[in-house]
Amino acid sequence: MKRLALAAALAVALVAPFAAYPVFVMTALCFAIFACAFNLLVGYVGLLSFGHAAYFGFASYVTAYALKQWGVTPEVGIVLGTGAGTLLGLVFGALAIRRQGIYFAMITLALSQMLYFYALQVKWTGGEDGIQAVPRGALFGVLDLGSDLTMYYVVLAIFLFCLAVVYRAIHSPFGQVLKAIRENEPRAVSLGYDVDRYKLLAFVLSAALAGLGGSTKALVTHIASLTDIQWQMSGEVVLMTLVGGLGTVAGPVAGAFVIVTMQNYLATLGEWVMVIQGAIFVVVVLAFRRGIAGEIIAVWKLRRARRIELEAEEAILPPVPPR
Amino acid sequence: MFDLIGIPPQALFGQLLLGLINGAFYAMLSLGLAVIFGLLNVINFTHGAQYMLGAFGAWALLSYAGLGYWWALIVTPFAVGAVGMVLERLFLRRLYNIDHLYGLLLTFGIATILEGVFRQRFGSSGLPYPIPDSLSGGHNLGFMFLPNYRAWVVVASLGVCLGTWFLIERTRLGSYLRAATENPKLVQAFGINVPRMILLTYGFGVGLAGLAGVMAAPIYQVSPLMGSNLIVVVFAVVVIGGMGSILGSILTGFGLGIVEGFTKVFYPEASNTVIFVIMAIVLLIKPAGLFGQTR
C-alpha cells in the first residue's frame, strides 16, 4: 500500500511538467524542500524556529550573486549557496539552542530579522531591488538549464535527494535520539546524550537543506529578493508545515503545494491572501493540529488497529471440537 | 563642552531623546508581554497588532467621532483590552493544556489576520495623527530643543510602567497574580477564580499595548505595518532582559532605546541591528537574560 502510493506519487511528479506550468511546480518543489527542512527541526526535535527564512533567503542571495557576478556554473552556485546557509545555521544555531521553547522561537526570529536588515542595507544584495535576471547557465557546463523542462527534472532530483536525506536522518539512530530529546529532554541528558550537540547538528542540517531550497529557487525564478528573507516568509513555512502535518515526512510537501497553489490562485485578491493565511493558521491550530498527512496516518492506524482487533477476536473463538 | 568627537550636541541629544522614546515603547510592550507570559505561558505574537489597533483606535475616534487625544488615551486601551479578552475567551483558552508553542502560532495567525485587514482597508502608507494642542510646542533647554509631546511620552510611559510595577509587586491583587504565576492550581484551591484572572491579565497586557499605540500615534505615523515592525525588536528586548522581573523589563526597554539612539549618532548603519547584536552577546554571556532566572 505504502509502496503503491509512493510509485503513484513518483509517476505524477515525472509527468507533472506536461500537465501544469513547470515553473509553478518547480517553485512549489523548492518550498517543499524548505518545509521539509523546517519540519526536521520542529517535527523531530521539537524546536520551533521562527526565522528559517534567513537560511533560505541568504542562500538564494549567495547563489544568485555567484551566478550573476562570478559567472559560475549552476552546481557551483548551489553548493556555494547551500554552504552559506549551512554556515549561517551553525552560527545562529549555536546561539539559539542556548534557550528553549518560546525563547528559542523569539531568538531565531530576531536573528533572522537582523539578517534582513543586513540584506536591506548592503550593496551586494541589491537592497530593495534584490538580484534580478539571474542566469541559469549550464549544469556542469554541458546541460543547458534554459529550458524549463530540463530545469524541472534537475529540481525534481534535488527534491528527491532532500527527501532521502530527511528520511535517512529521522530513521537513523541519530533521528531516534532527536525524538528522545523532543519527548523528554532531561531524560535524554540523563542517558548520557550530549543534547546540545544533537540539537546543533539537527539545526545545521535543517539550515543546510533550507539553503538548498533557497539556492534552487534563485535558479528557478531568476531572482533573489527581500521577500525570501523576510520574517513573513518564516511564518509561511511554519504554515505550510502545520497544514501538511508536523513530524511527518510527506506532510510538509503536501502543505507546501497547498499553500503555493492557494497563493497562486488568490494572487489577485491582494491583501486578503494575508487574511486568509492568518485564518488558516487559526483554524489549523485550533482544530486540525495533525495536518493533512497526520489525519491520513491517524485514519490509517485506526483502521489497522480495528483489523487486528477483529483478527484477534476470531483467533480467540474456541476451536470446533472434533466429533 | 558637549562637542564630543565632532558631534554637535543638538544631534546627540536629539537622537538620545528619540532613543528614549523608542525605549519607552519597548518598555511598555515588553512589560505587557512579560505579564501575559508569566500567567498564560503564551508569547503574545498579537501584541504588535494590538499596539497598531491602539493607534488606529485613536485615529478612528478623531476622524469618525471627533474625540481628541485625551479621550483616545482613556477609551482606546479599554477597547483594545476588551478585544483581547474576547480573543482569550474564544481561542487562547483552548490551548492552555497543549504545547505552548501552539499559543505562539495562534496569536501569530491572529496578528496576520488583523494586519491583513488593515492593509486591505488603509494601504501600507501611514495616516497622520496630530499632536494635541495642549502638548504642542516645546522648550529650548539651551543644549537642545525639547518638544512637549515627546517629554510627555517619556514621563507618561515611565509613570505607566512604574504604576504597573506597583500594582503587581505591592498590592493584594498583584500578590494573587504573582502567586498564580508560581502555582495556579494551589491558588485556585484557595478559592480564587484563576481563569477569570487569566482573562483580566491578558486584557491588561493587551490594554497596555493599546495605550502604547495611542501614545505612538502622533510620533510615528498610524500605519498597519507599525506593529509587526516593532514586535520583532520587542522580542529581542524580552530575550535580553529575561521575563523574570518587572523592573528588569522596564530598565531593559529604556536602556536599549538609549543604546539605539547612541548608535544612530555614532554608527548609523548599525542602528537597525544593534539590539539584535546585543541579544547575541547576552545569549553568549548570560543565556537566561540580564534579569532572568532559569526555571
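Helix-only estimate, please: 222 nm mean residue ellipticity of chain A, summing -39500 (n - 2.57) across DSSP H runs of length 4 or more and dividing by its residues, to the nearest 500. Per the formula, -25000 deg cm²/dmol. Past 29 Å, Cα to Cα, is the threshold; run A:K123/B:K264; A:K199/B:K264; A:K199/B:K286; A:K2/A:K179 against it and keep the listed order. Checking Cα-Cα distances, A:K199/B:K264 exceed 29 Å. Set the Cα radius of gyration of region B:152-295 against 2.2 N^0.38 Å, with N its number of residues, and you get 1.19. For the segment B:267-274, counting C-beta atoms of other chains within 10 Å of every residue's C-beta and taking the mean gives 3.
Note on B:Q120 and A:A315: the model spin-label points, each 7 Å out from Cα along the C-beta direction, lie 5.6 nm apart.
The calculated FRET efficiency for the pair B:W70 and B:R178, based on their C-beta separation and a Förster distance of 25 Å, comes to about 0.15. In chain B, the calculated helix contribution to ellipticity at 222 nm averages -23500 deg cm²/dmol per residue, counting -39,500 (n - 2.57) for every DSSP H run with n ≥ 4. Put simply, when B:38-50, B:275-287 are sorted by average Cβ atoms within 10 angstrom per residue, most first, you get B:38-50, B:275-287. With the Kirkwood sum run over all distinct C-alpha pairs, chain B has a hydrodynamic radius of 19.8 Å.
By the rule of a C-alpha distance below 20 Å, with chain neighbours fewer than 8 residues away ignored, the aspartates and glutamates paired with A:K217 are A:E75, A:E128, A:D129, A:D144, A:D148, A:D228, A:E236.
Placing a label point 7 Å from the Cα of A:R303 along the Cα-to-Cβ line, the residues of region A:243-265 whose backbone N sits under 18 Å from it are A:250-251. Extents of region B:1-134, taken as max minus min of Cα coordinates on every principal axis and listed largest first, are 60, 39, 27 Å. Set the Cα radius of gyration of region A:6-142 against 2.2 N^0.38 Å, with N its number of residues, and you get 1.20.
Using heavy atoms of the protein chains and a probe of 1.4 Å, the accessible area assigned to B:E115 is about 20 Å². Based on the alpha-carbon gyration tensor of region A:168-323 and its eigenvalue square roots a ≥ b ≥ c, which shape applies: rounded if a/c is under 1.5, prolate if not and a/b is larger than b/c, or oblate? The shape class here is oblate. Taking Cα atoms only, the orientation of helix A:173-183 departs from the longest principal axis of chain A by about 80 degrees. For region B:255-290 and region B:70-147, what is the centre-to-centre distance using only Cα atoms, to the nearest Å? Using only Cα atoms, the two centres lie 24 Å from each other. Estimated translational diffusion coefficient (Stokes-Einstein, Kirkwood radius over Cα pairs, 10 °C, 1.306 mPa s) of the protein assembly as shown: 61 µm² per second.
With R₀ fixed at 41 Å, the C-beta to C-beta distance from B:S63 to B:N193 puts the FRET efficiency at about 0.55.
Normalising the Debye intensity of region B:1-62 to I(0), with uniform scatterers on Cα atoms only, and taking log10 at q = 0.19, 0.20, 0.21, 0.29 Å⁻¹ returns -0.80, -0.84, -0.87, -1.11. Put A:R3, A:R136, A:R197 in order of accessible area, highest first, and with a 1.4 Å probe you get A:R3, A:R197, A:R136.
For region B:73-176, the equivalent ellipsoid derived from the alpha-carbon gyration tensor has semi-axes of 34, 24, 12 Å in decreasing order. Between the beta carbons of A:L149 and B:R93, assuming R0 = 51 Å, the FRET efficiency works out to 0.45 to the nearest 0.05. Hey, any idea what the orientation-averaged projected area of the convex hull of chain A's Cα atoms comes to, in nm²? With the hull built on Cα positions only, its mean projection is 21.8 nm².
Each of A:A19 and A:T268 was given a label point 7 Å from its Cα along the Cα-to-Cβ line. The distance between the two points is 2.5 nm.
Projecting the Cα atoms of A:Y116, A:A293, A:V204 onto the dipole axis of chain A, where Lys and Arg carry +1 and Asp and Glu carry -1 at the beta carbon, places A:A293 farthest toward the positive end.
Neighbouring Cβ atoms from other chains, within 10 Å of the Cβ of residues in B:231-242, number 4 on average. Across chain B, the mean sequence separation of Cα contacts (distance under 8 Å, 6 or more residues apart), normalised by length, yields a relative contact order of 38 percent.
The values are calculated or read from the model by the stated rules, or taken from the named source; none is laboratory data. It should be emphasised that the depicted structure is a prediction, and the values quoted were computed from it without experimental measurement. Every residue, glycine as well, gets a Cβ built from its backbone with ideal geometry; the counts of neighbours run over all protein chains shown. Quick note on the areas: whole protein, heavy atoms, side chains included, nothing else; ligands and nucleic acids left out. Shrake-Rupley method; radii C 1.70, N 1.55, O 1.52, S 1.80 Å.
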